[in-house]
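The values are calculated or read from the model by the stated rules, or taken from the named source; none is laboratory data. Owing to the predicted nature of the structure, the values given are computational and were not obtained by experimental measurement. Positions of Cβ are backbone-derived with ideal geometry, glycine not excepted, and every protein chain shown enters the neighbour counts. What goes into the accessible areas is simple: the full protein's heavy atoms, side chains included, and nothing from ligands, DNA or RNA. Shrake-Rupley method; radii C 1.70, N 1.55, O 1.52, S 1.80 Å.
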Amino acid sequence: MNGLNHGSQNTIPMKDHDAIKLFIGQIPRNLEEKDLKPLFEEFGKIYELTVLKDRFTGMHKGCAFLTYCARDSALKAQSALHEQKTLPGVSG
């Protein structure tokens with residue numbers, strides 16, 4: 001064995017060269033990446049999901065960046081959720 005895990009489920013995700021980084025706003029401050037991931041995974045494999053936090057206090061800023069592995073997944077999520085979905089805890 002050469003130490004490589006061929007076919008492992010724990011492979012590093014790859015993204016398309018034309019992948020889109022989405023900005024997600026108005027996230028309730030009690031939700032973290034683990035809470036948001038299932039909602040966005042519905043549209044495709046996630047390359048990166050980062051909830052923004054204040055560098056000094058560590059407090060949640062109420063927004064995130066999301067990059068899917070495939071551009072098409074980002075477009076599907078944007079179409080389905082932009083101004084359509086309100087997360088629990090967000091006041092209008």
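The residues in the stretch 55-70 that are open to solvent by 50 Å² or more (accessible area, probe 1.4 Å) and assigned to a loop (DSSP other than H, G, I, E, B) can be counted, and the count is 4.
How many residues are in a loop (DSSP other than H, G, I, E, B) and at pLDDT 95 or above when one looks only at the stretch 12-49? Talk me through it step by step, then tell me what you get.
Kept after step one, since they are in a loop (DSSP other than H, G, I, E, B), are these residues of the stretch 12-49: 12-20, 25-32, 42-45.
From what is left, the residues that are at pLDDT 95 or above are 42-45.
Final tally of qualifying residues: 4.
In the stretch 35-58, the residues that are over 23 Å from residue 18 (Cβ atoms) reach residues that are open to solvent by 90 Å² or more (accessible area, probe 1.4 Å) and not in a strand (DSSP E or B) with C-beta atoms within less than 7 angstrom, at least six apart or across chains, in these pairs: 53/59. With respect to (1) open to solvent by 60 Å² or more (accessible area, probe 1.4 Å); (2) under 11 Å from the mean Cα position of the chain (by Cα), the lone exception for residue 30 is condition (2).
If I ask for residues that are under 17 Å from residue 75 (Cβ atoms) and of a type in the set (Ser, Thr, Tyr), which ones from the stretch 18-60 would you list? 47 - this is the single residue of the stretch 18-60 that is under 17 Å from residue 75 (Cβ atoms) and of a type in the set (Ser, Thr, Tyr).
Of all residues in the stretch 44-51, at least one satisfies being among the acidic types (Asp, Glu), surrounded by 14 or more Cβ atoms within 10 Å (Cβ to Cβ) and touching a Ser or Thr at 6+ places or on another chain (Cβ under 6 Å).
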